[in-house]
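The structure under discussion appears below in the form of C-alpha cells.
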C-alpha cells in the first residue's frame, strides 16, 4: 500500500531526528577518544555519514510537506520559511545565551558540552537551509519547461554528490574545492534568474514578500556566521568549513533570496500600474459578459459606474440614465443628490473643453467635455455620454479633487467602457425584444390552436338545407367566430360574430362568446331575451374597451321559419329563389357590450323569414365588404350581392368558393386587412 505524503513526512522526520542523535553520540565518542587518548576503532567520518542521512531525510520531510501541495501560494511558502528560520534562530540564540551564561565556569570549556552546542547549531542551520532549498525549488520551477527542469535536476544531483567531496579532506586552499564551490555559485546565479512567480503578485504581496525575504536572508547570514565561528571555540571532531554541500546550500539560498528581493523592488513602480490595467481588463470583461451572466440594464449601469471610478481613481461620480419619464434615473458614487445639483450649477460658469468623438455623427452632437470647476471638494469634471444607435442613452460624470485631473489615457479608458456599456444595453434591448417576439409568437400559436378548437368543423343541420362555413384571419389569430346549437329535431340556433380588435385578446373574447352562446341555448328562451342575457353576461367578463357584433338566428324546421336578431353586425344577405333576387335585411340592433345594463334591451328587435326551396341565407363579417384593392377601393355590398345572384344554382361549397375567389382576386397583391368569415345556408 502506497504511503501518503503525511505518513512519509512523519517517518522521515523521526528518522532524521535519530540520525542527528547518532551523529551527536558518535561525535562525543570520538571526542572522548581524543581527550583520553584511547582508540575504540570508530572512524572519524562516521558522524559525517549520519549527517548525510540527516540531510537526506530532512529533504524528504520538507519535500513531502511543500512539493506535494496541489497549488502554489508564494506568500504562504515564504511565511513557512520565515517561521522555520525564526524558530531555528530563537533556539540558536537560546543555546548561545546558555553558553555565555556559563562563561568563566569549568563547564564553559568542557569539550563535550561545546560539541553538543555545535551539533545543535549545525542541526538547526541545516534544517533551516533544507526548508529554504525545497521552497526555492518550487519557486524556480514555477512555470517550468524541459530545459529548466534538466538544469535543476543536474544542479540537485550535483548537490547531493558533493557530500562525497568531504571524504577527500579538501579545504579552502585547495583548487578543486574552490572550483566546485565556484560551480555551485554559478549555478545559483543561473537558477536565480527564474523568478516568473514575481509577476503574479500584486503590489501588497510584493511588499510582504520583500520583508519576508529580507528576514530570511538575515537568518541565513546569522547561521553562516555561527557555523563558521563555533569550530574556533572547540576542538571539533571534524571541520565543517570543509563541508562543501553546506556551503553550497548557504550560497544558493542566499543568492536566490537577494535576487528575489531585487526583482521585487524593481517591479514595485510598475506593479500598481499593471494592477490598474488588469482591473480595467476585468471590468471591461464584466461589461462584455453582463448579458451572459444574467445581469439586467441597471446592473450594467452599476458596473459601468464602478469600473469608471476605479479606472480614473475618481473621488465622486454619478450616472444619469434617460428614459421615457421626465426625470432621469441617477446612480451616485460618494456624492449626494444635493451636491450633484451644486456641481451642475457651477459647471454652467466653468470653461468647457469639448472632447472629439471618433463617430462624426456623435461628434456634431457630442456632449463629451472636461472642465475645471471652482469647488471646495472637487476641482475637475469629466462628462461622457452613452449612445445607442445615435440616441443618447445617458450621461456619466466623474469628479476629481485635482485641477486637470483627467489625462488622455483616462479619457480613452472611459470611452471604451462607455461604448461597451452601450453595446451591452443595446444587446439587452435586442434580447428583450427577441424574447418578447418569441413569447408573442408562442402566445399566438396557443391562441391559434385554441381558436381552431373553438370554430366547429361541422355545423349542425337539418335534411332540408345544406350549410358551409369559411373563416380566414388577417393575423395569426382573429376575432371572427361562428357556431351552432341543435336544441331538438325542430330547432337549430346559429350565430356569427366579430370581436373588436385583433390578436389574442380578440380570440379569448371569442371563447367567452362561444361559452355564453352554448350555455344560454340550453335554456328555452325567446330570442329577444336570449340576446339581452347574452349582452348582460358578456358585460361582466368582456374588457371595457371591447365589444362584439353578432347575428343570432334560429331555424324552425316544422314551420319553415327563420327567426333572427342583429346585434350591430353586418346585415343578413337573403336570396329569394322565387324572385331570383338577393336583398340585405337591415334590422336595427346594437353591438354586445356597448351598453352593459338594462337599457340594452330597448335596442333589440327580432325579425322573421319564411324560407322556401332554393332560398339562400348568407351571414358574413365586415372583413369581406371592407376588403380593399391596390387602389384602396372597397369590395362593398354590391359585389357580394351579385356573386350570390350569379351563383344561386350552385351548391353551398361552390358559392363559398366563388365568394372567396372573388374577394382575393379583387384584393390582388394586397393582403386583406381584416378577418373575414362566411356562413352560407341553402334550403332544399
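FYI, it's all coordinate maths here, none of it is from the lab. Please read these numbers as outputs of a predicted model, since none were measured by experiment. Methodologically, a virtual Cβ is constructed for each residue, glycine included, from the backbone with ideal geometry; neighbour enumeration extends over all protein chains shown.
Quick notes on this structure:
- The range 455-683, relative contact order [Cα under 8 Å, separation at least 6], %: 24
- The ranking of 643, 414, 559 from fewest to most other beta carbons within 10 Å of each one's beta carbon is 559, 643, 414.
- When shorter helices are ignored and each DSSP H run of at least 4 residues is given -39500 (n - 2.57), the per-residue value for the chain at 222 nm works out to -18500 deg cm²/dmol.
- Against the chain, whose longest principal axis comes from its Cα atoms, helix 244-288 is set at around 20 degrees.
- Fewest neighbouring Cβ atoms within 10 Å first, the residues 558, 158 line up as 558, 158.
- Relative contact order (percent, whole number), the range 297-433, Cα cutoff 8 Å, 6+ residue spacing: 26
- Read-out volume of the Cα convex hull per residue in Å³, derived from the coordinates shown; its label in (i) 146; (ii) 202; (iii) 336: (iii)
- Look at the alpha carbon pairs under 8 Å that are at least 6 residues apart: their mean separation over the length of the chain gives a relative contact order of 8 percent.
- Counting beta carbons within 10 Å around each of 480, 229 and listing the fewest first gives the order 229, 480.
- In the chain, the longest principal axis of the Cα atoms and the axis of helix 146-161 are about 30 degrees apart.
- Rounded to 5, percent antiparallel among DSSP beta bridges of the range 455-683: 95
- In degrees, nearest ten, helix 74-101 long axis to first principal axis of the chain (Cα): 30
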